[in-house]
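Structure record follows, encoded as structure tokens.
Every number in this text was worked out from the coordinates using simple rules, so none of it is lab data. The structure displayed is predicted, hence computed values, not measured ones. Glycine gets a Cβ as well: all are built from the backbone with ideal geometry, and neighbour counts include every protein chain shown.
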Amino acid sequence: MRKLVYLLIVMLTAFEAQAQNANYNLLIGSYTTGGKSKGIAVYNFNTKDASTLLKNTIAATNPSYLTVSRDKKFVYSVNETGATSTVSAFSFQPNSGKLVFLNKQDSEGADPCYLTADDHNVIVANYSGGSIAVFGRNADGSLAAAKQIIQHTGKSIDPLKRQESAHVHMTLFTPDQHYLIANDLGEDQTYVYKYTPGMVNKPLAVANVLKTNAGTGPRHLAFSPNGKFAYLAHEFNGSITAFKYNKGKLNSIQEIATTPKDFNGKIDGADIHVSPDGKFVYESNRGDANSISVFAIQSNGSLKFVETISTLGKGPRNFAIDPTGTYLLVAHQYSNEIVIFKRNPSTGKLSDTGKRIQTGAPVCLVFSAK
């Protein structure tokens with residue numbers, strides 16, 4: 001009898017663990033200006049069947065980019081409101097999806113569009129301000145005052161005046177956590193900063209600066225899971241630059257287009273991610289394209305084109321691949337929905353599941369384990 005009870009307990013525990021592993025939190029950041037969204041939403045996402053369930057929401061002004069702390073206890077958000085922009089901290093309960101506002105700080109630059117966090121700091125990219133701001137984290141997860149502000153001052157050649165000044169578009173830790181990547185769309189430059197997290201002042205120091213092709217607008221970068229390669233998406237022409245990465249150095253190995261040669265519309269490259277298995281790169285384009293392109297990663301890190309398909313919506317500003325690599329979700333800013341695609345793990349190709357999340361102006365998707 002005891003053996004039977006023990007066996008039942010083991011089976012139930014295994015079943016609960018399997019069910020838990022299939023369910024992740026999906027946090028959605030949005031633009032609230034215009035009234036179609038109230039702030040941040042937290043959904044349960046089931047990786048077995050792509051089913052979703054709204055767990056919680058919290059009001060916030062234009063939380064256009066989010067990040068979850070490594071211990072999953074806190075969420076940090078930009079509040080993109082021009083010269084009055086701020087950065088907010090929330091406590092987070094993964095099981096219930098509940099968010100509780102802790103505090104906010106001035107972003108120290110206009111229109112923050114990206115942020116990243118580790119156990120010591122939250123680092124923000126201010127787009128219109130052309131700056132990087134480093135905020136310390138207090139013991140309760142709230143944000144301390146900025147400990148370092150780095151102002152970029154360059155420009156480039158874009159005729160539409162988007163490059164008359166610096167526009168920092170991303171702050172991303174390298175896989176080894178020793179450096180921070182900052183793409184500056186306005187300068188056509190990618191900065192590599194040496195990162196010393198425990199420093200009270202000035203944890204960032206310039207290590208390398210890469211000049212990208214003039215007029216391309218470097219936007220987002222994604223690393224391969226093994227940390228050996230990186231892929232940079234350019235906003236103005238939608239191209240991808242492939243790099244080898246080693247100890248703070250990015251060495252270019254390829255430049256590849258994401259739209260057909262005869263495409264004449266506005267491209268407006270947006271987001272880029274590598275699949276969790278490290279086999280494929282995905283890149284989205286907005287503008288007149290509204291597409292997502294798939295590339296296979298070769299043994300030397302270069303990319304081989306697989307397919308380009310419609311994202312089935314308008315304005316695919318951001319997308320995310322679930323942690324199991326089964327689904328790819330595209331957030332459409334202008335058609336107010338998230339389209340869920342199924343990934344073929346062998347070919348990398350995408351197919352529409354027919355499933356959607358209807359939500360106002362979604363522009364950031366973040367998966368987090370419970």
* Excluding residues on the same chain fewer than 8 positions from LYS370, give the lysines whose Cα lies under 20 Å from its Cα. => LYS48, LYS55, LYS72, LYS73, LYS98
* To do: Calculate the dipole size of the range 153-225 relative to its Cα centre from +1 charges on Lys and Arg beta carbons and -1 charges on Asp and Glu beta carbons; express the result in debye to the nearest 20.
  => 80
* Structure fact -> Partner lysines whose C-alpha sits under 20 Å from that of LYS249, ignoring same-chain residues fewer than 8 away, are LYS194, LYS211, LYS228
* **Under 5 Å, built H, 5+ apart or other chain: amide partners of TYR31** => VAL363
* Using Cα centres only, tell me the gap between the range 297-353 and the range 32-103 in whole Å. => 22
* Two decimals is fine: what's Rg over Rh for the chain, C-alpha atoms, Kirkwood radius as Rh? => 0.97
* Asked: If packing is taken as the mean number of other Cβ atoms within 10 Å per residue, what is the order of 25-32, 150-157, highest first?
  -> 25-32, 150-157
* **GNM result for the chain, Cα springs below 10 Å: residue of ASP277, ASP71, ASP184 fluctuating most strongly** => ASP71
* **Bins of 5 Å from zero: percent of alpha-carbon pairs in the range 175-306** => 2, 11, 21, 22, 19, 13, 7, 4, 1, 0, 0
* To do: Under a 10 Å cutoff between Cα atoms, tell me which one of PRO260, PRO345, PRO94 has the largest fluctuation in the Gaussian network model of the chain.
  => PRO260
* Asked: So how strong a dipole does the chain carry about its Cα centre when Lys and Arg Cβ are +1 and Asp and Glu Cβ are -1, to the nearest 20 debye?
  -> 860
* Asked: Mind listing the phi-derived Karplus ³J(HN,Hα) values for the range 71-86, rounded to whole Hz, using 6.51, -1.76 and 1.60 with θ = phi - 60°, and x for any glycine or proline?
  -> 8, 6, 8, 9, 10, 10, 9, 7, 10, 7, 9, x, 5, 9, 4, 9
